Amino acid sequence: MGRISEKPDEYEDLKGSIKMSKCQCEKDVIPDYTKVGFENQPANANLASDNNNLTAENNITVEGLKSQLDSAGVQALNLQACVSASYDPKTNKICFNFPIIGQICFPSPINIPIGATLKVCGDVCTTWGIPKGLKITLYLNNNPVWSGVVWGSC
């Protein structure tokens with residue numbers, strides 16, 4: 001099991017190495033909207049990211065969401081949110097419920113210490129206003145530790 005280092009700015013990764021808790025993807029960090037708000041945020045239509053599509057076990061599809069939005073008359077959507085997340089040590093999965101999209105679960109990219117607070121801040125990636133994916137930053141005890149695409153592609 002991983003542990004938090006004696007130093008508050010470090011965590012232990014899955015291989016037991018001490019890493020800085022500052023996300024190694026600083027340019028791709030989704031801001032903590034609970035602290036910075038939503039004003040003056042850049043448009044997310046062109047977020048660049050490796051497509052680490054982790055949605056195989058999630059029953060949500062881009063096509064299904066598009067169909068639901070089309071039937072509701074939605075022609076464009078921009079969605080940014082921060083939501084609480086939970087960790088299941090038995091399955092090593094982090095789960096959260098993102099507005100519109102629903103529940104997303106993905107394998108934890110780092111060890112999560114017992115009692116840690118998890119939060120996910122995410123941007124729905126769009127093409128011409130149509131949702132195509134969800135890019136998130138995982139916050140561990142209010143520090144960004146990982147960013148990636150967990151649904152669709154960005």
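Please specify each residue of the stretch 117-142 satisfying the condition of being within 18 Å of THR34 (Cα to Cα) and either surrounded by fewer than 16 Cβ atoms within 10 Å (Cβ to Cβ) or of a type in the set (D, E, K, R) (or both).
Passing the criteria: THR117, LYS119, ASP123, LYS135, ASN141, ASN142.
How about the stretch 124-141: which of its residues are among the charged types (D, E, K, R) and at pLDDT 95 or above?
Let us first name the residues in the stretch 124-141 that are among the charged types (D, E, K, R), namely 132, 135.
Hit for the stretch 124-141 is LYS135, nothing else.
Please specify each residue of the stretch 74-113 satisfying the condition of being on the phi > 0 side of the Ramachandran plot and not in a strand (DSSP E or B). Outline the logic, then answer.
Our first condition is that a residue be on the phi > 0 side of the Ramachandran plot; within the stretch 74-113, this holds for 92, 100, 102.
Answer for the stretch 74-113, where residues must be on the phi > 0 side of the Ramachandran plot and not in a strand (DSSP E or B): ASN92, ILE100.
The values are calculated or read from the model by the stated rules, or taken from the named source; none is laboratory data. This one's a predicted model, so the numbers in the text were calculated from it and none came from an experiment. Using ideal geometry, Cβ is built from the backbone for each residue, glycine included, and neighbour counts are taken over all protein chains shown.
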